[in-house]
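Enquirer: Below you will find the structure I want to go over with you.
Every read-out reported here was derived from the displayed coordinates using simple, explicitly stated rules and does not represent laboratory data. Being a predicted model, the structure only gives us computed values, none of them experimental. All Cβ positions, glycine included, derive from the backbone under ideal geometry; neighbour counts span all protein chains shown.
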Amino acid sequence: MIQGFKEFIMRGNVIDLAVAVVIGAAFTAVVTAIVEGIFNPLIAAIFNADSLKNSMVVQIGNATMSFGLVLAAIINFLLIAAVVYFVFVLPINRMKEAQERRRTAGLPSEVVDDAPASELDLLGEIRDLLASNNQGPKHTL
C-alpha cells in the first residue's frame, strides 16, 4: 500500500500538476490585481459605483442581486483565458509549427522519416528495450 502511494507521488504528471497549481494560483493573483486595480474602477466609474462588485445591484424585497459581481467574475475569466492563450498557448503552438516546418523543409519523405526522434519517441524506445530485456529466457531451478 505504501509502495503504491510512493509510486503514485513520484510519477511525473503528479509533480507537473502540483507545479501547475502553484503557478496557477500565483497567476490568478496577478490577473485578479489587474481586474480589481484597473478594470473594476473603470467599469465602476461608468456605472457610478465604488467598485464593479458594488455596481448594478438590484434590490427586490429582501433579495439582493449583484449583476456587477457576476460581470466582474466574467471579466476576470475572460482576462485569464486571453492571457493564457496569448502568452502560453499561441507561442508554444507557433514554436511547434516552426519546428515541424524546419524538420520537414525541402526534404524527401524518406529523409523526414529518418529525422531525429522526439524525447517521447526515445523514451518509448527505451521502455520497449527494457521490456524486451526483462522478458528474456527464464531460468528455473
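Enquirer: Would you list L122, L52 from fewest to most Cβ contacts within 10 Å?
Expert: Taking fewest neighbouring Cβ atoms as first place, the list is L122, L52.
Enquirer: Please list, in order along the stretch 29-44, the HN-Hα scalar couplings obtained from phi with the Karplus expression 6.51 cos²θ - 1.76 cosθ + 1.60 (θ = phi - 60°), rounded to whole Hz, x for Gly and Pro.
Expert: 4, 5, 5, 4, 4, 5, 5, 6, x, 10, 6, 4, x, 5, 5, 5
Enquirer: OK, next. With N set to the residue count of the stretch 2-107, report its C-alpha Rg divided by 2.2 N^0.38 Å to two decimal places.
Expert: Against the empirical 2.2 N^0.38 Å value, I get 1.68 for the stretch 2-107.
Enquirer: Please rank V58, V14, fewest neighbouring Cβ atoms within 10 Å first, as an exposure proxy.
Expert: Working: V58 9, V14 12.
By the 10 Å Cβ count, ascending: V58, V14.
Enquirer: Still on this structure, I have one more. Output wanted: per-residue J couplings in Hz (rounded whole) for the stretch 79-91, from phi through Karplus 6.51 cos²θ - 1.76 cosθ + 1.60, θ = phi - 60°, x for Gly and Pro.
Expert: 5, 4, 4, 5, 5, 4, 5, 6, 8, 10, 5, 4, x
Enquirer: Suppose each label sits 7 Å from its Cα in the direction of the beta carbon; what would the N13-F27 distance come out to in nanometres?
Expert: Placing both labels 7 Å along Cα→Cβ, they lie 1.9 nm apart.
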